[in-house]
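The values are calculated or read from the model by the stated rules, or taken from the named source; none is laboratory data. Source: prediction; values computed, not measured. Please note: Cβ atoms are built from the backbone with ideal geometry, for glycine as well, and neighbour counts cover all protein chains shown.
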Amino acid sequence: MGLPANDRSIAAFTMLGHGLVHWFEMSIPIFLVVWIDEFAVSVALAGLVAALGYAPFGLGALPGGLLADRFGARRVILLCYAGMTISFLALALAPTIRVVALALILWGIAASVYHPAGMALISTGARRRGTVFAYHGIAGNTGIALGPFAAATLLAVFEWPIVAALLAAPGLLAVAYGLRASFDPTAAVDDSEAGASTALSARTLLANSRYLFAGGFLVVFALVAFEGLYYRGVLTFLPEILQDLEATSDLAPGTGLAGIEPGDYVFVGLLVVGIAGQYAGGKLTERVAVERGLLVVFAVLAVLAVAFVPATELGAVGLLAVCGLLGFFLFAIQPFYQVAVAQYSPPDTRGLSYGYTYLAEFGFGAASIAIGGAVLGAYGLGAFFAVLAGFAVVAGGLAIVLLVGSDRLSFLEPRGAEAAD
């Protein structure tokens, strides 16, 4: 990886966790179809059961950040590994849909702590945090792609409880590896500014939150919320949108395999291209000011949203081009805002800051499901992408605020000094 030894250890530890979280997360929808038949429940009830797992995944981010500050990110991540693994083993033994729901709630609680803890560890322990964020993002995208692929493939051979148990196997390996992993979690910051010493109290939470939101982090928080609206809107509705496009049917009419249509191939391809976007974005955070990078990428995302419908009217070539670019920049933005959080928050509350960040990303960002569904149903595809473009424009405006005020709002150097290490 071309990283210092401590950075490599942190990268391996967090890449494993990020990939594992999304491995489990994206396998759950594959089970839904099976559970509907197995337990003779409605689609609505099966969806509610899945939602019970996903809800704490977003809502638990803030408590997860507090736990990381209090007990240390490494301990919290190890508990995350163990909790997710136990939940899927419990899932394999579930005799009723109610027990399935309980197992998924356990998974959501365990998984929710990963992002704030993992990001906090990278931000305080990795000197070349931009590159580590890039590798971390690549691992997440890999889990997003491999989780549903593995679940669907195994379900073609085994009963679903066996598949759930097999999917838990990487979690057991992760726990074993994590217990032996060795690294300095505060190598990138002054030891006096970081450490697992923050008391878990309402007074401390309020004081630290006021401190965070009194400065540039407030702008970063709002920026991430609008990024989450764009991100969740695209990933939620694009699979359905692609199925109905004439350009999609032009790609390979009648060639869907085992229920997988050409639109699904395009969507998976978008996620794969996102791996390259994650890497490029992470490397660029070490070469350009993150504020400028955020502004440029949000501008590109706004243009891509406006251009999506006209591009698809050009046929398969236009569709593939706009989806490829969308996948690249949709994920390239993530290392930039992850580094921005580190730049605009103090090291001793880094877990809290990433807790708020992923509350904005996964919690507030989920509002785009309701907004996007209403707009798409009432006004059509053009209006839907116009709304997404609006989210990107607002986020770009917030990036300008950071760019103008970076010298007085940042807790760190304006241009990521870790690149020189």
TODO: Output the residues belonging to segment 55-84 that are buried (at least 20 other Cβ atoms within 10 Å of the Cβ) and at pLDDT below 80.
DONE: G58
TODO: Would you kindly identify the helices (runs of 4 or more DSSP H) lying entirely within segment 279-366 that contain at least 3 residues that are under 15 Å from L388 (Cα atoms)?
DONE: 290-312, 316-343
- [ ] Collect the residues in segment 20-46 that are more than 30 Å from G137 (Cβ to Cβ) and part of a helix (DSSP H, G or I), keeping them in residue-number order.
- [x] V34, W35, I36, D37, E38, V43, A44, L45, A46
Open item on the list: Tally up the residues in segment 350-400 that are free of Cβ contacts under 8 Å to residues at least 24 places away in the same chain and in contact with a helix residue (DSSP H, G or I) (Cβ under 6 Å, 6 or more places away or on another chain), please.
Closed with: 2
TODO: Exactly one condition in (1) modelled with pLDDT under 90; (2) of a type outside the set (F, W, Y); (3) surrounded by fewer than 16 Cβ atoms within 10 Å (Cβ to Cβ); (4) within 25 Å of the chain's Cα centre (by Cα) is not met by A202; state its number.
DONE: (4)
Task: Enumeration of residues in segment 87-113 that are surrounded by 24 or more Cβ atoms within 10 Å (Cβ to Cβ) and more than 16 Å from A168 (Cβ to Cβ) - done: S112, V113
